[in-house]
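Data block below; observations after.
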Amino acid sequence: MENNFILRTYAFVDNMQPQYAAMTGTVVKGDLCLAGMAQLYLEVEPGSSSYSIMDVAMKRANAKPGFLVVEREYGEIELHDFDIDSVREAGEAILEVCNLSISDRQKPQIISKQIIKKVDSYQAQLINRMRQGSMLLPGENLMILEVEPAGYISVAINEAEKAAGIKIIHFDPVGKYGRMYVASENLSDVQTAMDAAVMSIERC
């Protein structure tokens, strides 16, 4: 395979948390992912390159495909399995055939982060209209994080769920920017979730 594409995202999730896995399972078009699975999310440019890297993964490893998305600019694939080694093997096979290493991926950066205390009823309703997760209730504290490339938001939101008693309102790992929305009645939980999410991005 010719190395003629940019590896925008190589994001590895070691243990999908219940809310994160459940939400991801509502949008994948392929094999369903479940809590406790490991996950690999890759984003490449140009988008059509995603077909060839999925082909490599399917022929060289046992990880299951969740989705293959080709957008105007980028392409994304998602792989998962309870066997963490199968997921790692799929990623290593892709890197090997493309003559790349994990260090060749684009370094993620945080575009914005904010906490909105005691969300107003009207704003809560507006956010609920686009959510795919839990309902945001008036008076709850809301944390919003935005990263680039988009796929790294998957790692961030999974780590946020590990760290704090929050509920996931929505997240979107597709496109130029990835965004996550989490909420809690407890402001300290929201802050802890933000700290964990930011740290996970900085470690990538």
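Under the combined filter of DSSP loop state and at most 16 neighbouring Cβ atoms within 10 Å, the range 1-77 retains these GluC sites (Glu not before Pro): Glu2, Glu71, Glu73. Which trypsin sites (Lys or Arg not before Pro) does the range 89-172 hold that lie in a coil by DSSP with at most 14 other beta carbons within 10 Å? The qualifying sites are Lys117, Lys118, Arg129.
Here are several values of semi-axes √(5λ) of the Cα gyration tensor in Å: (1) 27, 18, 17; (2) 30, 16, 15; (3) 30, 21, 15. Which one was derived from the coordinates shown? The calculated read-out lines up with (2).
Going by a ≥ b ≥ c, the root eigenvalues of the Cα gyration tensor, does the range 109-203 fall in the rounded group (a/c under 1.5), the prolate group (a/b larger than b/c) or the oblate group? Note, shape of the range 109-203 comes out oblate.
Using the Cβ-Cβ distance between Asn128 and Asn99 with R0 set to 35 Å, the FRET efficiency from 1/(1 + (r/R0)^6) comes to roughly 0.15. Working from label points 7 Å from Cα in the Cα-to-Cβ sense, the Asn186 to Met135 distance is 2.3 nm. For the range 1-100, trypsin sites (Lys or Arg not before Pro) are listed when DSSP marks them as loop and at most 16 other Cβ atoms sit within 10 Å of their Cβ; the list is Lys29, Arg72.
To make sure I understand the rule: partners must be lysines, Cα under 30 Å from the Cα of Lys64, and not fewer than 8 residues away in the same chain. Which ones qualify? Partners within reach: Lys29, Lys107, Lys162, Lys167, Lys176.
No value in this document is a laboratory result; all are computed from the given coordinates. Remember, it's a predicted structure, so these values are computed and weren't measured experimentally. For neighbour counting, all protein chains shown are included, and Cβ atoms are generated from backbone atoms with ideal geometry for every residue, glycine included.
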